[in-house]
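Before any comments, here is the structure.
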Amino acid sequence: MKVAFRVDASSEVGTGHVMRCLTLANELRTLGAASFFICRKKPGDMIEHIKKQGYHVYEISGGSDTWKYEVDQVIQILEKQSEIEWLVVDHYGLDAQWEKIVRPCVHKVMVIDDLADRHHDCDLLLDQNLYQNMNLRYAGLVPESAKLFLGPSHTLLREEFLLTSKKEEWDGRIKRILVSFGGTDPTNETMKVLRAIEMLVQKPNVDVVIGESSPNIKEICDYCQEKTWTKIHIQTKEMAKLMEAADLAIGAGGSTVWERFYMSLPSLVIETAANQKEIITFLQERGGIVFLGHSVTVSVDDIFLQLKKVLDDKPYIMGVWQSMNEIWKDHQPYGVSKYMMGGETS
């Protein structure tokens, strides 16, 4: 079976879309499918990273009429291939109008989304986040015949997580902190957090994860080299092990939230993008995260004060950890990919 992925990464939009598509492509490869990617060439595009995972990437560019110019390029690419079973679209800028034009080139269309703000012409939709009235989010936005995979039980988790032990027991002590704000972290929340940790009298050990495309990579590396309590990891393949070793994570509210939930790792969360607001609000109301605020308003002092609270108040952070475990539902590994291959449907 052949699968095409239309997805982008950049310094502006981050790397999350590409990472979850790579996870799905890897699952499909394990089940016997062959995949290729179609990506726009731009700063921070992760095209080389995708190639290193063993996938061919067709590069497309913009034009004066960007939307139509892209469709023409994508159609040309798809028409050169034979018998494409699925086209997977993970892109906030594309909707039903685009999907209808490319549909004749493939057998089926899958959409990965978490905004529910536009119509889709698809056979399958995956939204791995958790919301109020989740089952009603896409009513009227997708064909009635479309198969919906909704909620964190369908989270696309890399194999490294499935092979790593979760935190089954915890006494509330925070000896190690994981700081990770995705592949780009354009607002440099990482440095805010590091400066807040530096203000603590007793500093836990800190693992700092950044991507190769981070615009702040030099500043963060220079800082960490001077601090004995930090260890930096660039484009790591060991995220699951880092989460396993940590007692607390500090990061954004994107898809990595569910990696932390799966690993039973409590977290302090800063909103770094508009699409994170709804899920963060939902989890905050249920006590499953410690929400610090939007990146524009969160200061180093704000982070320091909340860090001091969770370090000094074990019952408080234990309550967050327990709420997080109550929210998390059983994960269904390979559920979506098996369905795509014609197997299980739930």
Which part of region 252-286 falls in the paramagnetic zone of ARG118, meaning amide N under 17 Å from the point 7 Å along Cα-to-beta-carbon? 274-276
CYS221 to ALA34: FRET efficiency via 1/(1 + (r/R0)^6), r the Cβ-Cβ distance, R0 45 Å, to the nearest 0.05? 0.75
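Keeping every protein chain present and rolling a 1.4 Å probe, give me the accessible area per residue for the chain in Å². Could the numbers behind the result be given before it?
Values: 15150 Å² over 346 residues.
So the chain comes to 44 Å² accessible per residue, rounded to a whole number.
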How would you rank 124-131, 82-89, highest first, on the average number of other Cβ atoms within 10 Å across their residues? 124-131, 82-89
Report the FRET efficiency, 1/(1 + (r/R0)^6), for THR236 and ARG176, where r is their Cβ-Cβ distance and R0 is 22 Å, rounded to 0.05. 0.90
Starting from the Cα of LYS314, draw a straight line to each of the aspartates and glutamates and keep only those under 16 Å, dropping any in the same chain fewer than 8 residues away. GLU169, ASP171, ASP247
For TRP229 paired with LEU162, estimate the spin-label separation in nm (one decimal), with each label point 7 Å from Cα along the Cα-to-Cβ line. 3.8 nm
In a shell of Cβ-Cβ distance under 13 Å around GLN97, excluding GLN97 itself, what net charge do Lys and Arg (+1) and Asp and Glu (-1) give? 0
If each Cα of the chain is one equal point scatterer, what is log10 of I(q)/I(0) from the Debye formula at q = 0.08, 0.09, 0.10, 0.12 Å⁻¹? -0.39, -0.49, -0.61, -0.87
Using the Cα gyration tensor of region 87-225, the equivalent ellipsoid's semi-axes, largest first and to the nearest Å, work out to 39, 20, 14
For the TYR316, GLU198 Cβ pair and Förster radius 35 Å, calculated FRET efficiency rounded to 0.05 is 0.95
For region 233-344, what's the radius of gyration and Dmax over Cα atoms, in angstrom? 15.5, 52
Would you mind computing the Rg to Rh ratio of region 134-210 from its alpha-carbon coordinates, Kirkwood style for Rh? 1.14
Packing-based ranking, highest mean first, of 256-263, 95-102 given that Cβ atoms within 10 Å are counted: 256-263, 95-102
Charge tally for neighbours of ILE279 with beta carbon under 12 Å away, counting Lys, Arg as +1 and Asp, Glu as -1, is -2
Below 8 Å, C-alpha to C-alpha, sequence gap of six or more: please give me the relative contact order for the chain in percent. 15 percent
For region 140-225, compute the number of Lys pairs whose alpha carbons are separated by less than 24 Å, excluding pairs fewer than 8 positions apart on the same chain. 8
If one puts a single equal scatterer on every Cα of region 12-124 and applies the Debye formula without solvent, what log₁₀ I(q)/I(0) results at q = 0.15, 0.21, 0.24 Å⁻¹? -0.67, -1.47, -1.90
With -39,500 (n - 2.57) per DSSP H segment of 4 or more residues and division by the full residue count of the chain, the 222 nm estimate, nearest 500 deg cm²/dmol, is -10000 deg cm²/dmol
Virtual paramagnetic centre 7 Å along Cα→Cβ of ASP301, amide N under 18 Å, in region 188-212: 192-201
Antiparallel versus total DSSP beta bridges in region 7-113: what percent is that, nearest 5? 10 percent
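The values are calculated or read from the model by the stated rules, or taken from the named source; none is laboratory data. Remember, predicted model here, so these are calculated numbers, not experimental data. Don't worry about glycine lacking a Cβ; one is built from the backbone with ideal geometry, like all the others, and counts go over all protein chains shown. Keep in mind that these areas ignore ligands, DNA and RNA; they rest on the heavy atoms of the full protein, side chains included. Shrake-Rupley method; radii C 1.70, N 1.55, O 1.52, S 1.80 Å.
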